[in-house]
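As structure tokens, the structure follows; a few thoughts come after it.
The values are calculated or read from the model by the stated rules, or taken from the named source; none is laboratory data. It should be emphasised that the depicted structure is a prediction, and the values quoted were computed from it without experimental measurement. Cβ sites come from the backbone with ideal geometry, for glycine too, and all protein chains shown count toward neighbours. Each accessible area value is taken on the protein alone, full model and side chains, heavy atoms only, with ligands, DNA and RNA left out. Shrake-Rupley method; radii C 1.70, N 1.55, O 1.52, S 1.80 Å.
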Amino acid sequence: MGYINLNNKYHLTWGMNINRVFSLFLALVVFSSGLGIGAAAEITVQPGQSIQDALNSSVSGDEIIISPGNYADNLRITTGDITVRSASGNPEDTIVTAASPAEDVFYVEASNVTITGLGINGAGYDRAGVYLIRSNNCIIENNEFLNNALGIYLKNSTYNLILNNTAAAGKRAVNVERSNYNTISGNNVSEQRFGIYFLVSEANIASNNQVSGSADHGIVLESCSDTSLVNNTVSSNEDNGIHIVGSTNNSLTGNTADSNLVYGIYLRDSKGNNLTDNKALNNSRGIFLLRSGESELSGNEVSNNRNGILLTSAGNSSILYSTVLQNNASGISLLNSTYCNISENVLSGNTLGIDLAFSSNSTIVNNNIQEGGRGLNLQDSNYNILVNNTALKNRYGAYLLRSGWNVFSNNIASESDDHGIVLENSSNSNELSGNTADSNRAYGIYLTGSNNNDISNNKVSENSRGIYLMTSNGNALLNNTVLNNGEYAILLAYSSGNDILENEASSSNRGIHLSTSDDNTLSGNNIVSNGVSGLHMTSTSNNNTFFNNYLNNNVNADVKQGSVGNVWNTTKTKGTSITGGPYLGGNFWGKPDGTGFSQTTADSDVDGIADGEFNISNSGYADYLPLVAVSDTEQPVIPENLTDDEPEMPENETETNINTTETNTTETTISETETDTYENETA
């Protein structure tokens, strides 16, 4: 019972000593904290003192406060979590100038550094006012940069904020190279070679910057991706406002490009970009995408440029909901571009409204185009779909030149100074259906040198002349309503092999007029209430077939002597005639006063065909199977303003005095070999 374990006593004594030492250490820490040892410090620098000495003596968390004055220094920051600021917050009274222009004014290789409120000047060739290298989460704010080759230069740096700085008289105000996730916002940049330049960088944001007076471009993206340009204003730059090359999946939103000498917004070899709600105003050219397909342009305002929006070799792109005004070459243009969508845009006052050249398989839908030269213009463009567009008060509503296999449907082409819809010079195999062409000064629909088109279910009214085919063969005019046109409803000149079927050709001076036109078939047409004649055929029109038409005019047929081979009825065949009879044969020959041949001649066998033949004026032709009315038909009334004393067209009239071959103004020589990429340039 009296035995003592010396070993346990030793361990107990050692443990008590350790606790006593730890308690003394904690007391020392508390005492040191009370004295301020290790706390963040404010270090003030006065004129004549060295800012670098203050930086050298600083530790993380310190704040270097620079009093107003002028300082000559080249500064190096390698300690993180440091703030360098002016005491006044005014960069105009606290100025740091490079002691050696061959060095950066501020060289920063640290993170969480803030530089604010300073004037920073004089960095020479290839040097920067502030150079961030491998630096993250820094803030460069409210500084003024003057006469620096590079104002702020980021390299291999991320998550930095470049805010509300001013930069003038340099080569690049902000240069971002191989640096990601940075924000450049609220800066005012002027008189640079380039304003803000991103190179081989991604996911940066440039917003609310003002960039003007650059000798080259305002904002540049080169080999960048996922960059956002938001609400920037780029103006009066001597080349492009925004210049993007070799860059993908970028977003441009709410930017204004104004009065730049070449392009407002320019993309080259850049795919998958979105341009939304931007303004391109008063530039030489507004928005240009060259070899930059798979892009979407939406809600942009583009006005008073040479070209408004121009896509060249930029397929699979969309132009939507944009306002395009007063551009003196073209409003929206596709050149050598396929599978594009142009929809829901408003255009006014453009020389060419929507213009396609050498472009195919695109869709043009629901656009409103007013008061320009050519509303819809296609040159050498095939397999496009144009639907539900409205073209009002243009020189021409729609103009197709050497363009085929297009679908032109349910459009309005009205109140044009010349023609509503024009197909010219081998515009073949197009489908025109359901369109309205009314109140045009010349023709509603005009084809010249264009073959094998289907023209159906169109409404053509209140034009000087309705539908005109000139040297155009193999076309089908089906079920068109051609009413109340001044001189002609349907006119063919030097046109052969056309089918004129089931049309309403009424209430004009002349219904259907054939001049030197052969081998045409006219059937099922309703030709009534025309003031001069229902049908006029010159002596040089041969081998035409005319049957199952309904004529009710004071002069139904004015057929000149000398033609050969014209046929005025088909073989009697079972089928419902235009008058409701059981047989097809000839035509119905009526007069508004009820004294027409078909109205007064008996039909003893009740087959819907008159008992006698009808001799057609003094032409030498006869309708051997003239139709009669099977049921009472309301007789049309000739409008009072139509008269029989309208002067006749000369027999060989070709109407070549109508202005239909205006020189085409589509640009087809736009350069695709520009060499102004500034690859890897840093000065």
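State whether the residues of segment 449-460 include one that is among the β-branched types (Val, Ile, Thr), open to solvent by 10 Å² or more (accessible area, probe 1.4 Å) and in contact with an Asp or Glu (Cβ under 8 Å, 6 or more places away or on another chain).
So far as segment 449-460 goes, no, none of its residues is among the β-branched types (Val, Ile, Thr), open to solvent by 10 Å² or more (accessible area, probe 1.4 Å) and in contact with an Asp or Glu (Cβ under 8 Å, 6 or more places away or on another chain).
Yes/no per residue for (1) acidic (Asp, Glu); (2) on the phi < 0 side of the Ramachandran plot; (3) under 9 Å from the mean Cα position of the chain (by Cα):
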position: 275; (1), (2), (3): no, yes, no
position: 279; (1), (2), (3): no, yes, no
position: 288; (1), (2), (3): no, yes, no
position: 301; (1), (2), (3): yes, yes, no
position: 316; (1), (2), (3): no, no, no
position: 327; (1), (2), (3): no, yes, no
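Inspect segment 487-497 for any residue being in contact with a Pro (Cβ under 9 Å, 6 or more places away or on another chain), touching a residue at least 40 places away in the same chain (Cβ under 8 Å), hydroxyl-bearing (Ser, Thr, Tyr) and surrounded by fewer than 24 Cβ atoms within 10 Å (Cβ to Cβ) and give the result as yes or no.
no
Mind counting the residues in segment 92-116 that are assigned to a loop (DSSP other than H, G, I, E, B) and among the β-branched types (Val, Ile, Thr)?
The number of residues fulfilling the criteria is 2.
Among the residues of segment 244-278, what is the count of those that are open to solvent by 30 Å² or more (accessible area, probe 1.4 Å) and either within 14 Å of residue 218 (Cβ to Cβ) or touching a Phe, Trp or Tyr at 6+ places or on another chain (Cβ under 8 Å) (or both)?
5
Using beta carbons and a limit of 7 Å, which pairs, at least six apart or on different chains, have the first residue in segment 590-601 and touching a residue at least 24 places away in the same chain (Cβ under 8 Å) and the second one aliphatic (A, V, I, L, M) and surrounded by fewer than 18 Cβ atoms within 10 Å (Cβ to Cβ)?
592/637
Give me the pairs, please: first residue somewhere in segment 171-186 and over 15 Å from residue 233 (Cα atoms), second residue anywhere and modelled with pLDDT under 95 and open to solvent by 10 Å² or more (accessible area, probe 1.4 Å), beta-carbon distance under 6 Å, and either six or more positions apart or on two chains.
Going by the 6 Å Cβ cut-off, the qualifying pairs are 171/683.
Looking at 337, 330, 381, which one is touching a residue at least 60 places away in the same chain (Cβ under 8 Å), among the hydroxyl-bearing types (Ser, Thr, Tyr) and either touching a Pro at 6+ places or on another chain (Cβ under 9 Å) or open to solvent by less than 40 Å² (accessible area, probe 1.4 Å) (or both)? Talk me through it step by step, then tell me what you get.
Working: 337 fails: touching a residue at least 60 places away in the same chain (Cβ under 8 Å); 381 fails: touching a residue at least 60 places away in the same chain (Cβ under 8 Å).
The unique qualifying residue is 330.
Among what's in segment 49-89 and is part of a loop (DSSP other than H, G, I, E, B), more than 26 Å from residue 134 (Cβ to Cβ) and in contact (Cβ under 8 Å) with a residue 12 or more places away in the chain, pick the residue that is least open to solvent (accessible area, probe 1.4 Å).
67
Tell me whether segment 596-615 contains one or more residues that are open to solvent by 40 Å² or more (accessible area, probe 1.4 Å), more than 16 Å from residue 524 (Cα to Cα), in contact with a helix residue (DSSP H, G or I) (Cβ under 8 Å, 6 or more places away or on another chain) and not in a loop (DSSP other than H, G, I, E, B).
Yes, there is a match, as at least one residue in segment 596-615 is open to solvent by 40 Å² or more (accessible area, probe 1.4 Å), more than 16 Å from residue 524 (Cα to Cα), in contact with a helix residue (DSSP H, G or I) (Cβ under 8 Å, 6 or more places away or on another chain) and not in a loop (DSSP other than H, G, I, E, B).
Residue check: is residue 407 in the same structural domain as residue 317 (by the TED database) and under 20 Å from residue 457 (Cα atoms)?
No: the conditions fail for residue 407.
Residue under question is residue 83, and the condition is that it be of a type in the set (Val, Ile, Thr), within 18 Å of residue 47 (Cβ to Cβ) and assigned by the TED database to the domain that holds residue 142; does it hold?
Here the answer is no, as residue 83 does not meet what is asked.
Within segment 527-577, how many residues turn out to be outside any loop (DSSP other than H, G, I, E, B) and crowded, with 22+ Cβ neighbours inside 10 Å?
So the answer is 14.
Check off (1) open to solvent by 10 Å² or more (accessible area, probe 1.4 Å); (2) touching a Leu at 6+ places or on another chain (Cβ under 6 Å) for residue 403 and give me the number that stays unchecked.
Among (1) open to solvent by 10 Å² or more (accessible area, probe 1.4 Å); (2) touching a Leu at 6+ places or on another chain (Cβ under 6 Å), residue 403 violates only (1).
Could you check how many residues of segment 468-494 are part of a strand (DSSP E or B), closer than 19 Å to residue 529 by Cβ and under 35 Å from the mean Cα position of the chain (by Cα)?
Qualifying residue count for the region: 2.
Could you say whether any residue in segment 307-319 is in contact with a Lys or Arg (Cβ under 7 Å, 6 or more places away or on another chain), open to solvent by less than 10 Å² (accessible area, probe 1.4 Å) and either without any contact (Cβ under 8 Å) to a residue 40 or more places away in the chain or of a type in the set (A, V, I, L, M, F, W, C) (or both)?
yes
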